[in-house]
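Below is one structure; the comments refer to it alone.
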Amino acid sequence: MIDPGKLKTRLQVQAPVETDDGQGGVTRSYTTLTTAWAQVTPIAARGGGADLQADAEGATVKYRILLRSNFVLTLQHRLVDGARIFRIAAIRDADDRRFIAVDAELRVE
């Protein structure tokens, strides 16, 4: 059973909006669909060594995020907490479908 009192972080649920760029491509921006209380727990960090991507400094931190399942969420959505933008990697039902568990990644520079 998930304790609703542990949902302490207010996240914006954002969906992508693509607009024609006039040159055959698209420009992607995001719009906020709703806000939701969530439990955000860091589970792993990765960076440096063989994980370097194009000599970029920083790391990727993985999080488990629990939310009430009263809206539809897909891998194209993202979750935002102020300046932190979480990319959704996986979504699954938790606790008899009343909650959803999201595996997310946050890039830390």
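The values are calculated or read from the model by the stated rules, or taken from the named source; none is laboratory data. In this text the structure is predicted, and so the values were computed from the model without any measurement. Cβ placement follows ideal geometry from the backbone for every residue including glycine, while neighbour counts extend to all protein chains displayed. Keep in mind that these areas ignore ligands, DNA and RNA; they rest on the heavy atoms of the full protein, side chains included. Shrake-Rupley method; radii C 1.70, N 1.55, O 1.52, S 1.80 Å.
Here are the numbers:
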read-out	value
Förster radius 30 Å - calculated FRET efficiency between residue 20 and residue 72 (Cβ-Cβ, nearest 0.05)	0.75
Within a Gaussian network of the chain (alpha carbon springs, distance under 10 Å), most fluctuating of 13, 80, 72	72
Shape call, the stretch 1-43: gyration tensor on alpha carbons, a/c limit 1.5	prolate
Rounded if a/c under 1.5, otherwise prolate or oblate - the chain, Cα gyration tensor axes	oblate
Distance from the stretch 11-27 to the stretch 80-109 (C-alpha centre basis), Å	21
Whole-Hz ³J(HN,Hα) from phi, Karplus 6.51 cos²θ - 1.76 cosθ + 1.60, for the stretch 96-103, glycine and proline x	6, 6, 7, 10, 10, 9, 10, 8
Residues residue 98 and residue 30, FRET efficiency given R0 of 22 Å [Cβ-Cβ distance, rounded to 0.05]	0.25
Environment charge of residue 81, counting only residues whose C-beta is closer than 12 Å and scoring Lys/Arg +1, Asp/Glu -1	+4
Residues of the chain: accessible area per residue with a 1.4 Å probe, Å²	64
